[in-house]
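Visitor: Shown below is the structure under consideration.
The values are calculated or read from the model by the stated rules, or taken from the named source; none is laboratory data. Because the structure is predicted, anything quoted here is derived from the model rather than measured. Every residue, glycine among them, receives a Cβ derived from its backbone with ideal geometry; neighbour counts consider all protein chains shown. Note: accessible area is taken over every heavy atom of the protein model, side chains too, but ligands, DNA and RNA are not part of it. Shrake-Rupley method; radii C 1.70, N 1.55, O 1.52, S 1.80 Å.
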Amino acid sequence: MKLVALLAGGNSGEHEISLKTASNIQNQLDVTQFETYLIIVKGNNWVYTDVTGEQFFVNKDNFSLTIHGKQIIFDVAFIAIHGDPGENGKLQGYFDMQNIPYTGCDSFCSALTFNKYFCNIAVKNCGVPISPSLHFYKNDTVLYDEVIAHCGLPCFVKPCNSGSSVGVTKAHSQEELETAIRLAFEIDNQVMIERFIPGRELTCGVATWQGKVTALAVTEVKSKKEYYDFEAKYTPGFLELVTPAEIDKKTEETVKNYSETIYKRLGCKGVVRIDFILNPLNECVFLEINTIPGQTAMSIIPKQLAYNNIPLGEFYSQLLDVRVSSVAHPMPF
């Protein structure tokens, strides 16, 4: 029996979504193989609550729990936190220092891919098309004429370090652009302004499955809103997910090849999801990468796994088993 710390919550606007992700994962894990402790992370409070409602705080000196005098030392951590601190490399760095195995990408890969602008630069160097963009820190002077000349209108304004489209705005005018930048800087001290590319939104899950990097499927995201924002992602009725996407074979192969290339070149581990836009010229342009993609009942990865006839429980078990087996040579899965 392996002792698993399932970490959920976090400090971002995706806190509640993370709880749903963790619940879905916990429900799928084989109780004969794994004894799972759901630990809710919020700031400095890392708390496990037992079935009676009694709370126990994690000892961060060695990442353990003491429950009625019994110390729990975990075999592996399953990180299910979207955003800060689970997707930006902070938790991964902590576990690396503790020499505790964990699921997902390592600290460097997580930090790189979480920053939208610097991730774009890395992806471009992989030979994958990206949309033109500009990057600003909070104290930079923004010359709106130059921004509009480079990125056009409409354009997207995005906090660089934010997930689930939190703080993302589509600006149609200079006035909207100014407002969008102010909003983005309320969430992060870096923003990316990116040219809007019309087209169909596609997303591809990638995982190391049975020892091989595998693109799972291409899903088309059809949002009833102007773009795939937070409300569209997590509110029933706002979107339709089509798996597999109704695209030609060449486009499907391009998306899958791009996705596997990005996964390998950026050093991703575990399961990630990579988003693209298919423009009117039938060209695939990279949008972003999610290193801890949603695993709720509405989420895309579970649907893509089902399409490949991969049982969720078996999939999550492999993520944990691979990590535990690598303890002697601690490299993140």
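Visitor: What number of residues within the range 153-175 satisfy the criterion of being open to solvent by 20 Å² or more (accessible area, probe 1.4 Å), in contact (Cβ under 8 Å) with a residue 12 or more places away in the chain and more than 14 Å from Leu287 (Cβ to Cβ)?
Guide: Count: 8.
A quick yes/no check of all residues on (1) open to solvent by 60 Å² or more (accessible area, probe 1.4 Å); (2) of a type in the set (D, E, K, R); (3) at negative phi:
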{"position": "Asn45", "(1), (2), (3)": "yes, no, yes"}
{"position": "Val51", "(1), (2), (3)": "yes, no, yes"}
{"position": "Phe56", "(1), (2), (3)": "no, no, yes"}
{"position": "His68", "(1), (2), (3)": "yes, no, no"}
{"position": "Val76", "(1), (2), (3)": "no, no, yes"}
{"position": "Pro85", "(1), (2), (3)": "no, no, yes"}
{"position": "Asn88", "(1), (2), (3)": "no, no, yes"}
{"position": "Phe95", "(1), (2), (3)": "no, no, yes"}
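Visitor: Being outside any helix (DSSP H, G or I) and either open to solvent by 10 Å² or more (accessible area, probe 1.4 Å) or on the phi > 0 side of the Ramachandran plot (or both) is the filter; apply it to the range 1-23 and report the residue that is modelled with the lowest pLDDT.
Guide: Among those residues, the one meeting the criterion is Gly13.
Visitor: So, one more: Tell me which residues, restricted to the range 45-98, are in contact (Cβ under 8 Å) with a residue 40 or more places away in the chain and of a type in the set (D, E, K, R).
Guide: Passing the criteria: Asp75, Asp84, Glu87, Asp96.
Visitor: Looking only at strands (runs of 3 or more DSSP E) that fall completely inside the range 76-170, which ones have 2 or more residues that are within 22 Å of Ile187 (Cβ to Cβ)?
Guide: 133-137, 155-159
Visitor: Report yes if some residue within the range 265-275 is more than 19 Å from Cys119 (Cβ to Cβ) and either out of contact with any strand residue (DSSP E or B) (no Cβ under 8 Å at 6 or more places or on another chain) or modelled with pLDDT under 80 (or both); otherwise report no.
Guide: Scanning the range 265-275, I find no residue that is more than 19 Å from Cys119 (Cβ to Cβ) and either out of contact with any strand residue (DSSP E or B) (no Cβ under 8 Å at 6 or more places or on another chain) or modelled with pLDDT under 80 (or both), so the answer is no.
Visitor: Identify the residue in the range 273-306 that is over 15 Å from the mean Cα position of the chain (by Cα) and in a helix (DSSP H, G or I) and, among all such residues, is nearest to Arg323 (Cα to Cα).
Guide: So the residue we want is Leu305.
Visitor: OK, next. Return the only residue of Thr203, Thr243 being under 17 Å from the mean Cα position of the chain (by Cα), modelled with pLDDT of 95 or more and either within 29 Å of Glu16 (Cβ to Cβ) or buried (at least 21 other Cβ atoms within 10 Å of the Cβ) (or both).
Guide: Thr203
Visitor: May I pose another question? Given the criterion of a type in the set (Lys, Arg), within 20 Å of Gly13 (Cα to Cα) and surrounded by fewer than 22 Cβ atoms within 10 Å (Cβ to Cβ), identify the matching residue among Arg182, Arg195.
Guide: One residue alone meets the criteria, Arg182.
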